[in-house]
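Take a look at the structure set out below.
The values are calculated or read from the model by the stated rules, or taken from the named source; none is laboratory data. Values in this document were obtained by computation on a predicted structure and should not be read as measured data. Here the Cβ is made from the backbone with ideal geometry for all residues, glycine too, and neighbour counts use every protein chain on show.
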Amino acid sequence: MADQFDEATRKELANFVQAEQAQAHLTAQIHSLTSMCWDKCITSNPSSRFARGEESCLANCVERFLDTSLYMVKQIQEQRDRAQLSR
Amino acid sequence: MADQFDEATRKELANFVQAEQAQAHLTAQIHSLTSMCWDKCITSNPSSRFARGEESCLANCVERFLDTSLYMVKQIQEQRDRAQLSR
Amino acid sequence: MADQFDEATRKELANFVQAEQAQAHLTAQIHSLTSMCWDKCITSNPSSRFARGEESCLANCVERFLDTSLYMVKQIQEQRDRAQLSR
Amino acid sequence: TYRQEMALTNAQELMNKCNEKCFAKCVTKPGGSLSGSEQSCLSNCLQRYMEAFNIVSKTYIARVQKERISPELA
Amino acid sequence: TYRQEMALTNAQELMNKCNEKCFAKCVTKPGGSLSGSEQSCLSNCLQRYMEAFNIVSKTYIARVQKERISPELA
Amino acid sequence: TYRQEMALTNAQELMNKCNEKCFAKCVTKPGGSLSGSEQSCLSNCLQRYMEAFNIVSKTYIARVQKERISPELA
């Protein structure tokens, strides 16, 4: 299959596929964060506007979730470093 | 690839694939509705028959969920129409 | 495509794919059981060790879930056997 | 055949969901073995879940056919 | 085109999630029809879920761009 | 290699689940930053989730091997 395309075309194709995958991942993340933060932050019955604090809760929920992901990765790296030092 | 088949075969194949996808979508919907309506309607401990109101709740749950989907689409269309009128 | 490989290679390939699929299924099951048993068993706030009973609950949760799956299959088979006898 | 495979996948998905729901309802504190009352709860739950699946199927398919709802919307 | 298909999939996923969340919040005991108060709850819920989606999108994209977080980590 | 990719996917899935569960448990009201007590809750939760994953793996694999349960049933 790949023989049909020259080097430049193949690279362009690979870049396109990668960009599209990143875009699809981003979109899936936004859907999943919206769902999760909706459940955490929207506790009142839906009315004509958000209840007090719900909007800021949604933004904070996204930020703190990203903080959590980064914090967890750092924890695992520190743990691995300690394990290597103690060898 | 497609060159291997004549027009009629290709159409038949496309129809088959489409019908199968619709069937798979239908089945997935039924599993997901059963799961969701089970959680909403079945609150008693499982016994030798459904508790009072559970069966009708299951059927109503399906009907009202479909009502909800149609209602939401109508709301979005009305909103879009209003937005176009006010331009 | 398949014409490119001889019989032995094709068999080896099929075995490899099957083993990998079984492995992927196993891994997916472990993730899903961990998630489900975590929700069932870990009710305290995370501290420097598990609360009393949480560890044994996790192991029991896995064992009883497998018991449940096997029990349900047996129930369905018995039901089918009864249905055939009464014909 | 392809059709049989679909039916099998469908039956397997039904069993998976049923195990998940009934384990959640009937085995709230997993102990050293399935107790008698847990087993009878599971038997009942299995029957009820199958019935629920049938009620949902019938209601859904009747509605989709009546209104010719596009499956993407429903 | 491919892009339009992606946008459609995205909009459909948004509607699916929105229907699921709003049905859970607004139709707690499904009756013989959607009542007036259920309908007005659904209208409001639809607006709020769309707003929530926009807030989450803006916040997430701004953060990812600011920190160049690899999407796999975030 | 393929094996490494599988291991990576597995580790990523573990981190995703762990982040989801620990965020749910430790950050109940998201504020302007992660507080000290939220951070220490997250550290503990990470350790516990990894341990839980190990307990579940060991128990599941031992059982599947002992009874030669077909993975489709289990």
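Among (1) under 30 Å from F:GLU51 (Cα atoms); (2) loosely packed, with under 15 Cβ neighbours inside 10 Å, which single condition is A:ASN45 missing?
Only one criterion in (1) under 30 Å from F:GLU51 (Cα atoms); (2) loosely packed, with under 15 Cβ neighbours inside 10 Å is unmet by A:ASN45, namely (1).
If we scan the range C:31-41, do we find a residue that is more than 7 Å from chain F (Cβ to nearest Cβ), in contact with an Asp or Glu (Cβ under 6 Å, 6 or more places away or on another chain) and either at pLDDT 95 or above or farther than 25 Å from F:ARG68 by Cα (or both)?
Looking through the range C:31-41, at least one residue is more than 7 Å from chain F (Cβ to nearest Cβ), in contact with an Asp or Glu (Cβ under 6 Å, 6 or more places away or on another chain) and either at pLDDT 95 or above or farther than 25 Å from F:ARG68 by Cα (or both).
In this structure, is C:THR27 within 10 Å of chain F (Cβ to nearest Cβ), in contact with a Phe, Trp or Tyr (Cβ under 8 Å, 6 or more places away or on another chain) and either hydroxyl-bearing (Ser, Thr, Tyr) or at positive phi (or both)?
The answer is no for C:THR27.
Checking the conditions here, which among B:GLU63, B:GLU20 is charged (D, E, K, R), over 18 Å from E:CYS26 (Cα atoms) and free of Cβ contacts under 8 Å to residues at least 12 places away in the same chain?
From the options B:GLU63, B:GLU20, the qualifying one is B:GLU20.
What's the number of the condition D:GLY36 fails, among (1) within 27 Å of C:ILE42 (Cα to Cα); (2) surrounded by 14 or more Cβ atoms within 10 Å (Cβ to Cβ)?
Going through (1) within 27 Å of C:ILE42 (Cα to Cα); (2) surrounded by 14 or more Cβ atoms within 10 Å (Cβ to Cβ) one by one, D:GLY36 breaks only (2).
I want to confirm something. Restricting to the range E:31-68 and keeping residues that are within 7 Å of another protein chain (Cβ to nearest Cβ) and part of a loop (DSSP other than H, G, I, E, B), which single residue is nearest to A:VAL62 (Cα to Cα)?
E:LEU34
Inspect the range B:62-76 for any residue being away from chain D (no Cβ under 12 Å) and part of a helix (DSSP H, G or I) and give the result as yes or no.
Scanning the range B:62-76 turns up at least one residue that is away from chain D (no Cβ under 12 Å) and part of a helix (DSSP H, G or I).
Give the number of residues within the range F:9-33 that are within 25 Å of A:CYS41 (Cβ to Cβ) and either hydroxyl-bearing (Ser, Thr, Tyr) or in contact with a Gly (Cβ under 7 Å, 6 or more places away or on another chain) (or both).
2
If D:THR28 satisfies every condition in (1) modelled with pLDDT of 95 or more; (2) part of a helix (DSSP H, G or I); (3) over 20 Å from C:GLU78 (Cβ atoms) but one, which is the exception?
Result: D:THR28 fails condition (2) only.
Just one of (1) in contact with a His (Cβ under 6 Å, 6 or more places away or on another chain); (2) at pLDDT 95 or above trips up E:PRO71, so point out which.
It is condition (2) that E:PRO71 fails.
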